[in-house]
Amino acid sequence: MTSRVQNVVILGGGSAGWMAAACLSKTLGSQLQITLIESESIGTVGVGEATIPSIHLFNQLIGIDEQAFVKATQATFKLGIQFKGWGKEQDDYMHAFGGFGFPFGSQPFFQYWMHSKTLGNQFSFWDYSLNSQAAKYNKFAKLEKVGETNLQGLVYAYQFDASLFASFLRSFSENLGVNRIEGIVKKTNLSSETGFIDSLTLDSGMVITGELFIDCSGFKGVLIEQALQTGFECWSHWLPCDSALAIPTKALTPLPPYTTATAHDAGWQWQIPLQHRTGNGYVYSSRYMTDEQAEEELLNKLNSEPIGPAKHIRFKTGMRKLSWNKNCVALGLASGFLEPLESTSIHLVQFSLGKLLKFFPNKAFHPSTTDEFNRLVNQEYNNVRDFIILHYKANQKQESKFWHDCAQMPVPAALQQKISLFEAQGQVHCGSDELFSDISWTQVMLGQNILPKSYHPMTHSFPVKNLKIYLAETRSIIKQIIPAVPKHKHFIDLYIDHKQSPNNT
């Protein structure tokens, strides 16, 4: 039997590197020697991080205490993403986490809501989302369900300081035996027989040997690209933004429990509220706007006072042709980049880590293992990519050349089919392995004015009188519960002092 891998080398810290270290040390630590190489002189891209609810799976896997995590990373809770100006200039909608309405009948809630619109219902789709309504009033609590009803409680993720997150995971990992080495890789030494990575030579002259190498070196892809020349699939023809500008500002009052993405002339502005500050940035296309214009526009539209210098970032949207090549697995920016519009960066790291655990190799590195890993990671990136493209494609801002060009661009066939199906009957078909569910796709398409021509006829099997009562009761329950939910900032202050019960209303 082929011997198992025992020596893992991680190149690069940041969120991706220390997530890998924490995950492997927690799950396979007794079987592995794990070394992480990073340099204090090499900065990380992370300026503030927003996540989606799947992060709970990672935190649960490694056993993170939530209260300690929220306190250490200056985290806030996140109920969704507010999109401003993405359809038409004055449009404003939320991609809220969680469900809409009560589960009932044979069709998704959206189909019954569309039926009700033909009966005179003037209420917004988002009036039936507890997450959306709590976010509207800056409210948050750990609420699994609403009283004795079948209405789902608040579904949340986090917003946190990326550098503090990495530090938190570093302490966690080092306590489990991960060996951190300060240094910069000067040479990657490949086997003359197999082309696999044998070792890394650092600037100090130290040579680090390994059996499995994890590349978390950022855009450079020191191992996956510079050494192994894996190749890169560019998606800039669908996602034209190639630049970002980031700047921290003072904390917001009141403290929103959501991320904001506001469309501007040649891209969009993010706002990520943390406890101690606010993360801000402008993602834009250098073909339509200069760096100076982007900085001027961002500074003019900040909601709080800057507390640090602006940071410019260049990127290329796309992914490596192989995320696992020979004995090297790329994570984070070394694997690929999808702009942070839907807060998927952390998810894509943890997804790849989950598949690495599932297909953890022995020293034979059998091609069937790496092939299946690459197929699944590629599929996940493509699904997320299409969801992000949708936001650009579904705009009606014809006065801007950037947005006009985005609206006119051809899109991947799978995405076009989703749009056409929704336009025809308000339906979205999502595979069981897709990250974003039909309710996520529905919110973006409806929020950006892709309107169905009809709805499913099976909704007529539900009596009109009962439908009206059901919808009114749903709105009433949500309206009644919101006043009892504490303000977001108040909840956090009590929670990090261990004065707040895990589940409260």
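FYI, it's all coordinate maths here, none of it is from the lab. Nothing here was measured: the structure is a model prediction, and the numbers come from that model. Note that each Cβ is placed from the backbone with ideal geometry, even for glycine, and that neighbours are counted across all protein chains shown.
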Stretched fully, the stretch from SER454 through GLN60 gains (0.36 nm per residue minus C-alpha distance, one decimal, in nm) 137.6 nm
Can you spot the lysines whose alpha carbon is less than 20 Å from LYS355's alpha carbon? Ignore those fewer than 8 places along the same chain. LYS26, LYS321, LYS326, LYS363
Compute the relative contact order of the chain as a whole-number percentage, counting only Cα pairs closer than 8 Å that sit 6 or more residues apart in sequence. 22
Nearest-0.05 FRET efficiency for ASN303 and GLN396 at R0 = 22 Å, using Cβ-Cβ distance, is 0.30
In 10 Å bins starting at 0, how do the alpha-carbon pair distances of the stretch 335-402 split up by percent? 17, 39, 24, 12, 6, 1
Please report how far the C-alpha centroid of the stretch 1-27 lies from that of the stretch 382-431, rounded to the nearest whole angstrom. 37
Hand me the trypsin sites (Lys or Arg not before Pro) from the stretch 187-270 located in a DSSP loop with no more than 14 other Cβ atoms within 10 Å, in residue order please. LYS250
Cα-centre dipole for the stretch 255-332 with unit charges at Cβ (Lys and Arg positive, Asp and Glu negative), debye to 20: 700
Can you give the FRET efficiency for ASP497 and THR194, using 1/(1 + (r/R0)^6), R0 = 41 Å, r = Cβ-Cβ distance, to the nearest 0.05? 0.15
Contact order relative to length for the stretch 335-431, counting C-alpha pairs under 8 Å separated by 6 or more residues, stands in percent at 18
Using 0.36 nm per residue of separation minus the Cα-Cα distance, give me the extension gain between CYS234 and THR209 in nm, one decimal. 5.8 nm
Give the residue list of GluC sites (Glu not before Pro) in the stretch 316-409 that are DSSP loop and have at most 13 other beta-carbon atoms within 10 angstrom. GLU399
Here, ALA407 and ILE42, labelled 7 Å along Cα→Cβ, have an inter-label distance in nm of 4.4
Give the span of the stretch 145-236's Cα atoms along each principal axis, as three whole-Å numbers ordered largest to smallest. 66, 38, 23
Can you list the aspartates and glutamates whose alpha carbon is less than 17 Å from that of LYS453, not counting same-chain residues fewer than 8 positions off? GLU423
Anisotropy class of the stretch 195-256 from Cα gyration tensor, a/c 1.5 cut: oblate
